[in-house]
Amino acid sequence: MPGGLGALLILAPLVALLTRVDWAALPALLTSPASLAALGLSLRTSALATVACLIVGVPMALVLARSRVRLVAWLRPFVLLPLVLPPVVAGIALLYTFGRRGLLGGTFEALGLQIAFSTTAVVLAQTFVALPLLVLSLESALRTLGPGYEDVAATLGARPTLVLARVTIPTLLPAVVTGAVLAFARALGEFGATITFAGSLQGVTRTLPLEIYLQRETDPDAAVALSLLLVVVAVAVIGLATRRIFPA
């Protein structure tokens, strides 16, 4: 019974959303210029954020899982901090880092680069909140696999780079794919940090969650239609990740 109540808590809002969809007007609502622009921007920025997470997240996970330096253990909570931070707080922290008057923003401004309230800011906000998911997934996989194969390869004379390329990465590949899919899903649904750090400029920073929020006040039917679209995309992404974790 408690399990059934939990399932009801998750499924009932989705069913309620389906009951409010204007199915006759759905194609027109989903193909409006604002909707297509928001969807396209969300997919592009989420893909870029996922690539950024892979570039920096894989090395971070390797260091956290394999390093025996005590300082690394103290750094782990800070790496995972965005998982528990309210997104608005993350957005404020990013704004005071990369904004015009931020810690690093002045330097970027001097170089002619404006980070805050740009598409780059959207990617940074999504990367900030999605990176811990990828790192946590890979670190858990690395600790489960253990260093046995890597130690054997090193004993046989393989250099660290060869061990990484021929042993560590291939064995970690399923976890990398799963972590990337989860990071993409988290980036796709990001709202609080994006609106705080990047604003809501149509075609520039207004992603699909922001478009849904704005349409909620002016056109509820469009907000419901876009919400359904986001749910479908999220279910597809999570279904892909679940299949990688629990193959049939």
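Every number in this text was worked out from the coordinates using simple rules, so none of it is lab data. Please read all numbers here as calculations on a predicted model, not as lab measurements. Ideal geometry is used to build each Cβ from the backbone, glycine not excepted, and the neighbour counts take in all protein chains shown.
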Review point. From Leu26, Leu62, Leu83, which residue is within 16 Å of the chain's Cα centre (by Cα) and of a type outside the set (Phe, Trp, Tyr)?
Key: Leu83
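Yes or no, residue by residue, for (1) among the aromatic types (Phe, Trp, Tyr); (2) within 21 Å of Leu131 (Cα to Cα):
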site: Arg166; (1), (2): no, no
site: Val181; (1), (2): no, yes
site: Phe184; (1), (2): yes, yes
site: Ala187; (1), (2): no, yes
site: Phe197; (1), (2): yes, yes
site: Gly203; (1), (2): no, no
site: Thr207; (1), (2): no, yes
Review point. Would you pick out the residues in the range 138-187 that are farther than 17 Å from Ser67 by Cβ, within 23 Å of the chain's Cα centre (by Cα) and among the basic types (Lys, Arg)?
Key: Arg186
